[in-house]
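The values are calculated or read from the model by the stated rules, or taken from the named source; none is laboratory data. Remember, it's a predicted structure, so these values are computed and weren't measured experimentally. Cβ coordinates were reconstructed from backbone atoms using ideal geometry, including for glycine residues, and neighbour counts include every protein chain displayed. These area figures cover heavy atoms from the full protein model, side chains too; ligands, DNA and RNA do not enter into them. Shrake-Rupley method; radii C 1.70, N 1.55, O 1.52, S 1.80 Å.
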Amino acid sequence: MPTSDPAVPAPSPEPMHRLRFEEPGPPCPTELPGGTPAWRVSRYTDVRQVLSDPRFGRAQLYAPDAPALSDVPDLVNDPDLMFNQDGPDHLRLRRTLRRAFTPRAVARWRPWIAAIVEELLDRLEAKPQPADVVAEFAVPLPVAVISRLMGLDESAWDRLRHWSDHAFSDGTHESGQVVAARKEFSAFGADLLMERRRAPGEDLVSGLVAAADEEEGIPEAQLVTLVCGLVVGGHDSTMTMLGNALLYLLGERRDTWPRLGADEEAAGRLADRLVHLVPLGDDRGSTRHAATDIEVGGVTIPAGAIVLADCGTANRDPEVFPAATLHDLFAPLEAPTLSFGAGPHYCLGAWLARTELQLALHRLAARFPDLRLAAPADTIVWRTGTTSRSPRSLRVRW
């Protein structure tokens, strides 16, 4: 017997900034979405331990006898992805990029990132109102930045966005579509590596090729996946953060807008707080495999267990982030956020993402002090099909 009326539309999901989190507690048994048994770790100190201790790894999650984490052959679950490597294999790949995303390197990029922001704001200002700030700003900004870093021109933008949409598939895409997109994406990465070997330049991929040659012995498949991972990581995460941030700020925290536009340093603190509070997707954890019996928070997690490090809950641990300042968007964070991870797999692009978000929000608020939503926030249509979630469009006036 049907349990629901198919004529009644499904309820719209909550905005990302309104997601509810349980109180953190000791490690406890749980299940992954597919039903695989796991251990959930949710306190800030415990999550940092799991993410930092090399005995909690990623590679064994993809061993031949391991339960499948996804039915979809997406990039996230590719064993060749740098994030899914451990130990020496992971370090060799990470060393090929370690100089590229340092704070000093990103500081050198800041002027041209700011120039891209201004160019996109000029285009937005020329649009008739109401205009879509997602289509005109949140989507093109990160893809323009990562394209510049990789030495690609604007003609590649649509293809990069298409491949990124399928790289983080949530299972709603047909498997054949994901396989086809992954095949095209991998061919693009392989061709780009070949081209940069033949004619190196000053771009990120040329630097990757040179560093990989110094390391020696890195499988080509891992380099191809690394290039694809750069595209996806440099595009999807920042686009998602920016879209969700604008919905939150314009829909519920319009009081922050004047200070955001007047004070670039304050905009940096606000960007940090938004990254900390607003998840990229509904999946709140990062999984690891326990290589041996390990005590975490007074509880022994057995060897072979899958561990879900609940970063969203840990980022709200009242023992570290007091309730009094948790939602003060201009307050400095009391401890490093776990939104970028921790330990060996800490996100290499964290500083770049923060810089893009800071500049984007600061300059948008400065250029458009009267920016406001043109439709109620509860009418938002969400971008679906990927494990991240953000508004498909945001109509605004100024």
Checklist outcome for this item: Per the filter on the range 262-277, residues farther than 15 Å from THR355 by Cα and either buried (at least 20 other Cβ atoms within 10 Å of the Cβ) or among the acidic types (Asp, Glu) (or both) are LEU277
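Table: residues versus (1) more than 25 Å from TRP109 (Cα to Cα); (2) of a type in the set (Asp, Glu); (3) in contact with a Phe, Trp or Tyr (Cβ under 6 Å, 6 or more places away or on another chain).
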| residue | (1), (2), (3) |
| --- | --- |
| SER186 | yes, no, no |
| LEU192 | no, no, no |
| ASP203 | no, yes, no |
| SER206 | no, no, no |
| GLY217 | yes, no, no |
| GLY229 | no, no, no |
| VAL232 | no, no, no |
| LEU250 | yes, no, no |
Next on the checklist: VAL117 - would you say it is touching a residue at least 60 places away in the same chain (Cβ under 8 Å) and either open to solvent by less than 30 Å² (accessible area, probe 1.4 Å) or basic (Lys, Arg) (or both)?
Outcome noted: yes
Item to check | Residue list for the range 246-279, restricted to those being outside any helix (DSSP H, G or I) and more than 23 Å from LEU338 (Cβ to Cβ) | outcome: GLU252, ASP263
Checklist entry - Hey, does the range 217-229 have a residue that's touching a residue at least 40 places away in the same chain (Cβ under 8 Å) and within 30 Å of ARG18 (Cα to Cα)? => result yes
Checklist outcome for this item: Of GLY233, GLY229, GLY243, the only residue that is surrounded by 21 or more Cβ atoms within 10 Å (Cβ to Cβ), assigned to a helix (DSSP H, G or I), small (Gly, Ala, Ser) and touching a strand residue (DSSP E or B) at 6+ places or on another chain (Cβ under 7 Å) is GLY243
Next on the checklist: Looking for something among the acidic types (Asp, Glu) and touching a residue at least 24 places away in the same chain (Cβ under 8 Å) - is there at least one such residue anywhere in the range 55-69?
Outcome noted: no
Next on the checklist: Cβ-Cβ under 7 Å, sequence separation 6+ or interchain: first residue in the range 292-306 and within 12 Å of TRP39 (Cβ to Cβ), partner open to solvent by 20 Å² or more (accessible area, probe 1.4 Å) and of a type in the set (Phe, Trp, Tyr). Which pairs?
Outcome noted: ILE301/TRP39; ALA305/TRP39
Checklist entry - Is it true that ASP86 is touching a residue at least 24 places away in the same chain (Cβ under 8 Å) and of a type in the set (Asp, Glu)? => result yes
Checklist entry - Of all residues in the range 349-373, which are of a type in the set (Lys, Arg) and more than 21 Å from ARG395 (Cβ to Cβ)? => result ARG354
Checklist entry - So LEU91 clears everything in (1) open to solvent by 30 Å² or more (accessible area, probe 1.4 Å); (2) modelled with pLDDT of 95 or more; (3) within 16 Å of LEU348 (Cβ to Cβ); (4) among the hydrophobic types (A, V, I, L, M, F, W, C) except one condition, right? Which one? => result (2)
Checklist outcome for this item: Of the residues in the range 183-204, those that are open to solvent by 90 Å² or more (accessible area, probe 1.4 Å), assigned to a helix (DSSP H, G or I) and either touching a helix residue (DSSP H, G or I) at 6+ places or on another chain (Cβ under 6 Å) or in contact (Cβ under 8 Å) with a residue 40 or more places away in the chain (or both) number 1
Checklist entry - Consider PRO103 against the criteria (1) surrounded by 13 or more Cβ atoms within 10 Å (Cβ to Cβ); (2) in contact (Cβ under 8 Å) with a residue 40 or more places away in the chain: it satisfies all of them except one. Which criterion is unmet? => result (1)
Checklist entry - Any chance the range 127-145 includes a residue that's over 21 Å from the mean Cα position of the chain (by Cα), open to solvent by less than 10 Å² (accessible area, probe 1.4 Å) and in contact (Cβ under 8 Å) with a residue 24 or more places away in the chain? => result yes
Item to check | strands (runs of 3 or more DSSP E) completely within the range 282-391 that count 1 or more residues being acidic (Asp, Glu) and open to solvent by 30 Å² or more (accessible area, probe 1.4 Å) | outcome: 294-296
Next on the checklist: Criterion first (of a type in the set (Gly, Ala, Ser), at pLDDT below 95, part of a helix (DSSP H, G or I) and open to solvent by 60 Å² or more (accessible area, probe 1.4 Å)) does SER155 satisfy it?
Outcome noted: yes
